[in-house]
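The values are calculated or read from the model by the stated rules, or taken from the named source; none is laboratory data. Here the structure is a predicted model, which is why all the values come from computation and not from measurement. Here Cβ is always computed from backbone atoms with ideal geometry, including for glycine, and neighbour counts include all displayed protein chains.
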């Protein structure tokens, strides 16, 4: 009897710049894995939003964009932004709204140095760099709360107020602890309570309350500036790192570089309760300086697609993608950002070939 079909509805949001180029390669990989995994069926809905959409309609996404996405099982995003044409806060607004309205409160960004790649840290190898930063994604510093006053006058000032709630902190810490239990049983929380006596003292207190529930997980906390230093000095001491929206954003760019570069850095924006679709995207952004040159590294987009398959409970399909990528990197198949000469599509070709050889 043939296996039953497992259907997943995927909204494909290529966005701007190299987002369109890397998503094309990620879709090639997803199509190939469908042919290799019996019963797997991915149904794509393409959404052409971003700067090009803004040129025609005066807005980055349609007014009902959330309704269009609500019925999907997952969202695969390329990148958004083109600062020369639109300010980043305009192009990013639908993305931030999507994360908040769909309650994608757990942003998961792994930083792992693949075998065969040389670390930017002279004394470190792939055995030393394998961490996951869990970023609180729904509140904190990125809530639109504040304003500018006396604009254009000598007394002009801006007020931006972060919002940290007990509910938000508790649930991201629980998520982090549960993830640590699937890895090396260590959690580090990022704070700045020595200077920010309200918001991060609250983070500290809630960590103290929750940690005893996870006695099997070694727990510590570090101030954000110390964590930046220790990411570089001792990356091997980190396993799961839980941080606020802003601190998590900053640390994950550093983590991406430690993991071989942003061209290899995937991410997931998860709604752990699965009440809304989750979103998966490479960390690298739209990179207008290399857009259209055919040299963007599609690996981060492919790894984001693998994270999506894991979330959709297709671990075998996800593993096929990761294994093929690892084989290619070990064999020296690389794009220019990693010291190679392959174009974006050639890198895609190599990974497809590696998938067939598995």
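State yes or no: is residue 292 assigned by TED's automatic domain parsing to the domain that holds residue 25 and part of a loop (DSSP other than H, G, I, E, B)? It is true that residue 292 is assigned by TED's automatic domain parsing to the domain that holds residue 25 and part of a loop (DSSP other than H, G, I, E, B). Screening residue 108 with (1) over 30 Å from residue 44 (Cα atoms); (2) surrounded by 12 or more Cβ atoms within 10 Å (Cβ to Cβ); (3) touching a strand residue (DSSP E or B) at 6+ places or on another chain (Cβ under 9 Å) gives one miss only, at (1). Restricting 179, 187 to those that are surrounded by 16 or more Cβ atoms within 10 Å (Cβ to Cβ), under 24 Å from the mean Cα position of the chain (by Cα), in contact (Cβ under 8 Å) with a residue 60 or more places away in the chain and not in a loop (DSSP other than H, G, I, E, B) reduces the list to 179.
Mind checking which strands (runs of 3 or more DSSP E) fall wholly inside the range 31-139 and carry at least 1 residues that are touching a residue at least 12 places away in the same chain (Cβ under 8 Å) and more than 29 Å from residue 169 (Cβ to Cβ)?
Numbers: elements: 40-46, 74-79, 106-112, 130-136.
Strands (runs of 3 or more DSSP E) meeting the threshold: 40-46, 74-79.
Here residue 248 meets each of (1) more than 23 Å from residue 123 (Cα to Cα); (2) more than 15 Å from the chain's Cα centre (by Cα) with one exception, condition (2). Among the residues of the range 215-226, not a single one is under 14 Å from the mean Cα position of the chain (by Cα) and not in a loop (DSSP other than H, G, I, E, B).
Figure legend. Inter-residue proximity from the range 148-174: first residues under 17 Å from residue 191 (Cα atoms), second residues exposed (fewer than 11 other Cβ atoms within 10 Å of the Cβ) and modelled with pLDDT of 95 or more, beta-carbon distance below 7 Å, spacing 6+ or different chains. No pairs are indicated. Out of (1) over 30 Å from residue 233 (Cα atoms); (2) in contact with a helix residue (DSSP H, G or I) (Cβ under 6 Å, 6 or more places away or on another chain); (3) buried (at least 17 other Cβ atoms within 10 Å of the Cβ), the odd one out for residue 53 is which? (2) is the only condition that residue 53 fails. Restricting attention to the range 231-246, and to residues there that are in contact with a strand residue (DSSP E or B) (Cβ under 6 Å, 6 or more places away or on another chain) and closer than 13 Å to residue 188 by Cα, which single residue is surrounded by the most Cβ atoms within 10 Å (Cβ to Cβ)? Here the residue is 242. One residue stands out in the range 80-105 among those that are surrounded by 18 or more Cβ atoms within 10 Å (Cβ to Cβ) and touching a helix residue (DSSP H, G or I) at 6+ places or on another chain (Cβ under 7 Å): the one that is nearest to residue 299 (Cα to Cα), namely 80. Only a single item in (1) modelled with pLDDT of 95 or more; (2) farther than 21 Å from residue 120 by Cβ; (3) surrounded by 14 or more Cβ atoms within 10 Å (Cβ to Cβ) is not met by residue 228, and it is number (2). With respect to the conditions (1) closer than 30 Å to residue 200 by Cβ; (2) surrounded by fewer than 24 Cβ atoms within 10 Å (Cβ to Cβ); (3) at pLDDT 95 or above, residue 285 falls short on a single one, namely (3).
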